[in-house]
Structure formats: C-alpha cells, structure tokens
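A short reminder: the numbers here are calculations on the coordinates, not readings from a lab. Everything quoted here is computed from the prediction, not taken from an experiment. Here the Cβ is made from the backbone with ideal geometry for all residues, glycine too, and neighbour counts use every protein chain on show.
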Amino acid sequence: MSMVPTAISRLGEDDSRESQNLRAVKWLLAQDGGPIVVVTPRRAVESECLARLTSHPRVRHCAWRGHSGGFYDGQRVLYAWPDRQRLNEIWNADADAIAVIEWSTEETAAWVEDVNPVQLYPGRTIEPQHGHLATLDPLPNGVDAILEHVAAMAAGYSTGLKWNEEDQLKADMMNRPDRWADVTVEQVRAKCRQLGMRGKDVDTIADFVQRRKDGRRFNVRSSYRTFEFN
C-alpha cells in the first residue's frame, strides 16, 4: 500500500458520475495537506462539483495536455478519469493525498491491486486491506538480484529506467533464456512492485518478460548485445 493517503471513487449500482465525482472531492477535502491540484483530460469539465472546485482561486487546475504529472510534493491531488499511463505518473508520487476518479475498471485494476487505496462507493467505503504486502518467494537463477540492481539504478533517476538498463535486461533475457524460463510475468511484476519501482517501469519490465515468453526478440544496441548479468 502507498504511504500517501490514497482513495479511488468507483461507480456503484444506482449511482451517477456526478455523485462519484463528489465522493472523491469530499474525501480529498477531508485530508490534511497543502493546496489542491485537479487534473482532468481537458480544461472544460462537465461536472458541477469539479467546476466549483476548480473555480476556487487557491485550486490549481491542469489538463492532460502539457502536464507531465508526478511532481506533487506538499499538495493534495484529485486526478479525474486517468488511463493507465496517467496512473503510472501518480504511482509513487510524494503528494499529501491523492484521490482518483475511476472511469474504467480495465484501466485501474492493476493500480488498485498494487496501491491498495481506500475505495469509495455510494453509501460505503472499503478500507485498504491489511497485510497487503505478502512475502514473496525468492526468484530463481539470480533474477531477484537482477531486479534489485535494476530497481536501485532506476531509483537514482528522476524519470526511472534509462535505456541502458532496459538494454541490459533485454540482452540478458535473450542471451540467458534459461535464467528466465521458470519465472512468470506475475512473479516479476510482484517483485518489481515490492521493490517500489515506478508503475511505468514495472510495466516495462513485465512487458519484456511477456514478449520473450511469446518468442519475440529485441533490438539491443551493439554495446550491450552480448551482455549478461553475473
């Protein structure tokens, strides 16, 4: 579970989008923290409660276009209808609180599983699950150590994985297929999440593993073409 107070407002039975929006707004306003940032797909918002919130002079309103996201230190964030890419931007954001308004469960399913947020439904609230972070079995053939190394490198960059770490992983997966043969995509994803990697990086590494299991090859720069992790 994220250490940042995080909630997702979800559409329930006999519910409306406006009521769903209002639940997120009320939850966020009840959280301690700094100024509020509202992020929506476009500047025009077809929601009475969101329009009222964004009209407040102390509330900053951002649209997706031109907004990089991820830098919310000391702020409370309301993120409306994000897709998977946008959710990755707030995965490990150091905000005071984050409220997400869900549009599609397909876009949010993995994020909800990983972040374990408060879930806001009409008339009920589902609190985060205790013991969410289960103990993982060690991954074989040194894969644990590889992912720990890659996670440590990525943590040192403001934008996550660099191309050279990506090429190292691709090369090792092709040059040492035996190392990765008994490791599932789900195991790799769980380990990366446990290591606190950014959502975008978790997706990238899991996709590499899936592509190799599908029999696909990678284009790797010449400097890493024969690379293998020790």
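How big is the range 6-126 by Rg and Dmax over its Cα atoms, in Å?
Considering the range 6-126 through its Cα atoms, Rg and Dmax are 13.0, 36 Å.
Give the cross-link partners of Lys162 among the lysines, using a straight C-alpha distance below 24 Å as the criterion and excluding same-chain residues fewer than 8 apart.
Cα-Cα hits under 24 Å: Lys170, Lys191, Lys200, Lys213.
Give the peptides 60-68, 26-34 in descending order of average Cβ contacts within 10 Å, highest first.
Ranking, from highest mean packing down: 26-34, 60-68.
Using a cut-off of 10 Å between beta-carbons, work out the net charge of the residues near Thr159 (Lys and Arg +1, Asp and Glu -1, Thr159 not included).
+2
Listed highest first by mean packing, meaning other Cβ atoms within 10 Å per residue, what order do 41-54, 141-154 come in?
So the order, starting with the most tightly packed, is 141-154, 41-54.
Quick one: 3J(HN,Hα) in Hz for the range 32-41, Karplus 6.51/-1.76/1.60 with θ = phi - 60°, rounded, Gly and Pro as x.
With coefficients 6.51, -1.76 and 1.60, one gets 6, x, x, x, 9, 10, 10, 10, 10, x Hz.
Positive end of the charge dipole of the chain (Lys, Arg +1 and Asp, Glu -1 on Cβ, about the Cα centre): tell me which of Gln31, His61, Val150 has its Cα farthest that way.
Toward the positive end, the furthest listed residue is His61.
For every helix of n ≥ 4 consecutive DSSP H residues, a contribution of -39,500 (n - 2.57) applies; sum these over the chain, divide by its total residues, and give [θ] at 222 nm rounded to the nearest 500 deg cm²/dmol.
Computed ellipticity for the chain at 222 nm equals -12000 deg cm²/dmol.
Could you give the length gained on full extension between Glu228 and Arg52, defined as 0.36 nm per residue of separation minus the Cα-Cα distance, in nm?
Extending this stretch completely gives an extra 57.8 nm.
Pop out the ³J(HN,Hα) list for the range 170-184 in order, Karplus 6.51 cos²θ - 1.76 cosθ + 1.60 with θ = phi - 60°, rounded to Hz; leave Gly and Pro as x.
Karplus-based 3J(HN,Hα) across the range 170-184 equals 4, 5, 5, 5, 7, 7, 10, x, 5, 5, 9, 4, 9, 9, 8 Hz.
May I ask for the Kirkwood hydrodynamic radius of the chain, worked out over all distinct Cα pairs and given in angstroms to one decimal?
With all distinct Cα pairs of the chain included, I get 19.2 Å.
Around Gly34, with a cut-off of 15 angstrom between Cβ atoms, what is the net charge of the other residues, counting Lys and Arg +1 and Asp and Glu -1?
Combined, the nearby Lys, Arg, Asp and Glu give -1.
Quick one: 3J(HN,Hα) in Hz for the range 109-118, Karplus 6.51/-1.76/1.60 with θ = phi - 60°, rounded, Gly and Pro as x.
Result, ordered by residue: 3, 5, 5, 4, 4, 7, 7, 6, x, 5 Hz.
Figure the gain on full extension for Glu107 and Ala181 (residue separation times 0.36 nm, minus the Cα-Cα span) and round it to one decimal in nm.
Result for the pair: 23.8 nm of gain on full extension.
So for the chain, averaging the separation of alpha carbon pairs under 8 Å that are six or more residues apart and normalising by length, what relative contact order in percent results?
With pairs under 8 Å counted, the relative contact order is 21 percent.
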